[in-house]
Structure formats: C-alpha cells, structure tokens
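First the structure, in the form of structure tokens, and then the observations on it.
The values are calculated or read from the model by the stated rules, or taken from the named source; none is laboratory data. If you're wondering where the values come from, they're calculated on a predicted model, not measured in any experiment. Cβ: placed from backbone, ideal geometry, glycine included. Neighbour counts: every protein chain shown. These area figures cover heavy atoms from the full protein model, side chains too; ligands, DNA and RNA do not enter into them. Shrake-Rupley method; radii C 1.70, N 1.55, O 1.52, S 1.80 Å.
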Amino acid sequence: QAWVKYRLRTGAMVQVERGVYAAVPPGADPRSFTPDPFVAAAAVRDDAVFAYHAALQVLGAAYSVHRTLTVLTSRRRRPLQVGDTRVEFLPHPASLERRKATRLGVLKLRYRGRVLATTGRERTLVDGFRKPSLLGGLEELLQSAAGFPSLDFLLLRQILQAYNQRALWAAVGWF
C-alpha cells in the first residue's frame, strides 16, 4: 500500500476508482492523463462483457464515436466516469439469464495487451435491434452492421432462438 501511495504521489499512477489504478506512461502529465475506459471497465468488473455500441467499437465496426460504454455484468454497480467517457454497467438480458445463455455470441479479443469479452457481430446485431437506443439508434446500427465482413447464420439463429421474440426474427430477417 505504501508503494501505491508513493506511485500516486510521484505521478506514476492515477486512481481510476477505489482499488483500481492506471499507470501513467513515461513523459505524460498525470493531471491530464486519462486511462483507456475499456481497460478501466474490464479492471473494475472481471466478468465485463462489452455490448451495444461499445461492442461495435471493440469490433472495429462503429460508424461514429460515443462517449458511453455499455458493459454487461452479473453484478450491478454505479456508473464509472473515465475522462469524458461514462461506463454503464447493466445486467445481462433477462431472457438470456433464464436460459443460462449470457455467453452466447460472446467472444474474447485482444485489446491493448488485455483480453476483453465482447458481444460478437451476430449478438451485437440482435441486441441492437432489441435496444437500438443503447447502440446509438437504428441508423448507427445499420451503418455499422453494413460493414460486417460476414455473419455466422447458425449462431445468429441460436441467439434469436434464445431471445424467442418474433419482432427480433423479423428485424434481423429484414436486415
């Protein structure tokens, strides 16, 4: 603990929140340094699954930049502010919780030296039609998803079956 206090005092680290710290790169000003919000969110919740627009960003498919990251987690918590980015922690969709399918369509990707869990293209597409407001709206969903190189139709079908909502089948079919 003395080591952490020393590193904070010398500007080698900044506190993201209680118990979570970020190393300040050499030469950077600790007063203006902002940790990466994706890495910070993953450090705060070890079961974090980036979803909705945050998933589009991790997948490299986002059409625009948003200052809110949505993270699915099994334990709710208050939002986290990292610089000008707000991290919202939401529960997994209830229909997937009931079917024990919260990891359906989730993949792990390497991001800045860490492994992050994110909803894949298929799950993000379905979730986007389910809650377009969390993705930045229908136009953002359509513009971003149009850039997907491919979709796994078997996985897409499994996800739609897990949600069991006719409107989602229709929306994805339309897309």
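Solvent exposure of the chain, expressed per residue, is 56 Å² of accessible area, with all protein chains present and a 1.4 angstrom probe.
Note on surface exposure: 153, 38 rank 153, 38 by accessible area, highest first, 1.4 Å probe. From a point 7 Å beyond the Cα of residue 109 in the direction of its Cβ, which residues of the stretch 18-50 have a backbone N at a distance under 16 Å? Answer for this model: 37-42, 48-50. Close amide H pairs (under 5 Å, H built 1.01 Å from N) link residue 106 with 120, residues at least 5 positions away or on another chain. Listed by chain and number, the aspartates and glutamates whose alpha-carbon sits under 16 Å from that of residue 131, ignoring those within fewer than 8 places in the same chain, are 88, 122, 139, 140.
Once label points are set 7 Å from the Cα along Cα→Cβ at both residue 86 and residue 20, what is their separation, rounded to one decimal in nm? Placing both labels 7 Å beyond Cα along the Cβ direction yields 1.6 nm.
Listed peptides 17-28, 141-152 appear in the order 141-152, 17-28 once ranked by packing, highest mean of other Cβ atoms within 10 Å at the front.
Rounded, prolate or oblate, given the Cα gyration tensor of the stretch 53-128, with a/c below 1.5 counting as rounded? Since a/c reaches 1.5 but b/c is at least a/b, the shape of the stretch 53-128 is classed as oblate.
With contributions of -39500 (n - 2.57) from each DSSP H run of at least four residues, the per-residue ellipticity at 222 nm computed over the chain stands at -10500 deg cm²/dmol. Residues whose amide H lies under 5 Å from that of residue 90, counting only those 5 or more places away or on a different chain, are 71, 72, 73; hydrogens are built 1.01 Å from N in the peptide plane. Shown for the stretch 32-175: the carbon plus sulfur share of the solvent-accessible area, taken with all protein chains present and a 1.4 angstrom probe, equals 50%. With a cut-off of 15 Å between beta carbons, the residues surrounding residue 162 carry a summed charge of +4, where Lys and Arg count +1 and Asp and Glu -1. A straight line joining the Cα centroids of the stretch 87-120 and the stretch 39-85 runs 10 Å.
Only the Cβ atoms of Lys and Arg (+1) and of Asp and Glu (-1) were treated as charged; on that basis the dipole of the chain about its Cα centre amounts to roughly 660 debye.
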